[in-house]
Amino acid sequence: MSQDLSEKTVLVADDDVEILGLVTRHLKTHDMKILEASDGEEALKVARREKPDLVILDVMMPGMTGWEVCRAIREDDSLSSTSVIMLTGIGERLNEMTSPLYGADEYLDKPFEFEDLDDRIRKVLSK
């Protein structure tokens with residue numbers, strides 16, 4: 001990534017431990033501070049406590065869905081500067097149509113390339 005992201009804090013929320021681990025390890029190569037959550041309720045709690053620059057959310061998680069977490073982030077004034085990227089395997093059309101309705105800044109479908117994830121991260125964090 002050309003843009004310096006080493007000062008940025010990113011919360012990655014996914015109930016799939018493999019995906020969570022892959023994304024976390026990848027982002028650590030950019031010297032970002034990484035927070036993790038394995039379900040929607042934990043993600044929202046961590047977001048409210050830590051005020052990350054970016055939240056990368058899986059849609060299908062136990063408890064609260066990623067969309068519900070995204071909506072809660074958008075309704076929380078203390079998180080107004082937090083960007084959200086939806087990362088999901090539910091299907092491209094559904095993700096494309098639904099993620100913006102809940103206030104997501106970007107979305108990416110699984111499976112994905114790290115280059116595409118990096119592009120979206122750069123895009124939302126440069127706003």
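The table that follows gives values for the structure above.
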read-out	value
Tabulated pairs, the range 6-31, first over 17 Å from SER126 (Cβ atoms) and without any contact (Cβ under 8 Å) to a residue 40 or more places away in the chain, second open to solvent by 40 Å² or more (accessible area, probe 1.4 Å) and among the acidic types (Asp, Glu), C-beta under 7 angstrom, 6+ apart or interchain	LEU20/GLU36; THR24/GLU36
Filtered residue count, the range 81-102, keeping only those that are in a loop (DSSP other than H, G, I, E, B), more than 14 Å from THR65 (Cα to Cα) and modelled with pLDDT under 80	1
Those residues of the range 105-127 which are under 15 Å from ASP53 (Cβ atoms) and either among the polar types (S, T, N, Q) or not in a helix (DSSP H, G or I) (or both), in sequence order	ASP105, GLU106, SER126, LYS127
Residues being open to solvent by 70 Å² or more (accessible area, probe 1.4 Å) and over 14 Å from the mean Cα position of the chain (by Cα) - total across the range 21-33	4
Which listed residue is open to solvent by 80 Å² or more (accessible area, probe 1.4 Å), part of a strand (DSSP E or B) and either of a type in the set (D, E, K, R) or at pLDDT 95 or above (or both), from GLU41, GLU7, GLU18, GLU36	GLU36
Total residues in the range 65-93, condition open to solvent by 80 Å² or more (accessible area, probe 1.4 Å) and either free of Cβ contacts under 8 Å to residues at least 24 places away in the same chain or in contact with a Pro (Cβ under 9 Å, 6 or more places away or on another chain) (or both)	5
Residue selected from the range 48-64 under the condition assigned to a loop (DSSP other than H, G, I, E, B) and open to solvent by less than 20 Å² (accessible area, probe 1.4 Å), by the criterion farthest from GLY21 (Cα to Cα)	PRO52
Members of the range 4-25 found to be of a type in the set (Gly, Ala, Ser) and in contact with a Leu (Cβ under 9 Å, 6 or more places away or on another chain), listed by number	ALA13
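The values are calculated or read from the model by the stated rules, or taken from the named source; none is laboratory data. Everything quoted here is computed from the prediction, not taken from an experiment. Methodologically, a virtual Cβ is constructed for each residue, glycine included, from the backbone with ideal geometry; neighbour enumeration extends over all protein chains shown. Note: accessible area is taken over every heavy atom of the protein model, side chains too, but ligands, DNA and RNA are not part of it. Shrake-Rupley method; radii C 1.70, N 1.55, O 1.52, S 1.80 Å.
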